[in-house]
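Heads up: the structure comes next, in structure tokens.
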Amino acid sequence: MAIISIGGVAMPSPTSFKPPEYDLHSGDTGRDGTGTMHIERVRQGIHKINLEWKGITSSQLNTIKAAIKPASFYATFPTSGGNITCRMYAGDRNIELAIYNDGNIRWNMTLDLIEL
């Protein structure tokens, strides 16, 4: 079973999978003139996944790129409470060409998926 699937398509196994969660605060959140913090949480527990693949083939890279091409998509991934499916979008992608000793071209890629 794939660690992560996007749009129902199994992605190659990532080298690194970091699933932090964060909270969204309103624009009114901040410190006042006395330095007291005022927090207005709008939403809690938003998922963000930091993914990294090292040494993937061009075919694997193209599978990932095709899956994240839409403006938003559904991704299924594990959490401490079990697998969940969230509507997400792709953050910045960093793609690096890496050539290994056997002469075959391989790619490294980092990508963040962020819950809508």
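Read-outs throughout are calculated quantities, based only on the coordinates presented, and are distinct from any laboratory measurement. If you're wondering where the values come from, they're calculated on a predicted model, not measured in any experiment. Here Cβ is always computed from backbone atoms with ideal geometry, including for glycine, and neighbour counts include all displayed protein chains.
For this structure, a couple of remarks:
- Over the chain: helical MRE at 222 nm, DSSP H runs n ≥ 4 each giving -39500 (n - 2.57), nearest 500: -2500 deg cm²/dmol
- Rounded tilt (10° steps) of 58-67 against the dominant C-alpha axis of the chain: 40
- Likely footprinting exposure, 36, 15, fewest C-beta neighbours within 10 Å first: 36, 15
- Between 37, 11, 88, the residue with the greatest mean-square fluctuation in the GNM of the chain (Cα pairs under 10 Å linked by springs) is 37.
- Residue order for 47, 25, 38, fewest other beta carbons within 10 angstrom first, comes to 38, 25, 47.
- Contact order, relative form, for the chain: 27 percent (alpha carbon pairs under 8 Å, 6 or more residues apart, mean separation divided by residue count).
- Loop sites in the stretch 32-101: chymotrypsin sites (Phe, Trp or Tyr not before Pro), DSSP, at most 13 other Cβ within 10 Å: 100
- Using a Gaussian network model of the chain in which every pair of alpha carbons under 10 angstrom is joined by a spring, one finds that among 97, 61, 24 the greatest mean-square fluctuation is at 24.
- About the centre of its Cα atoms, the stretch 5-78 shows a dipole size close to 340 debye [charges on the beta carbon of Lys, Arg (+1) and Asp, Glu (-1) only; nearest 20 debye].
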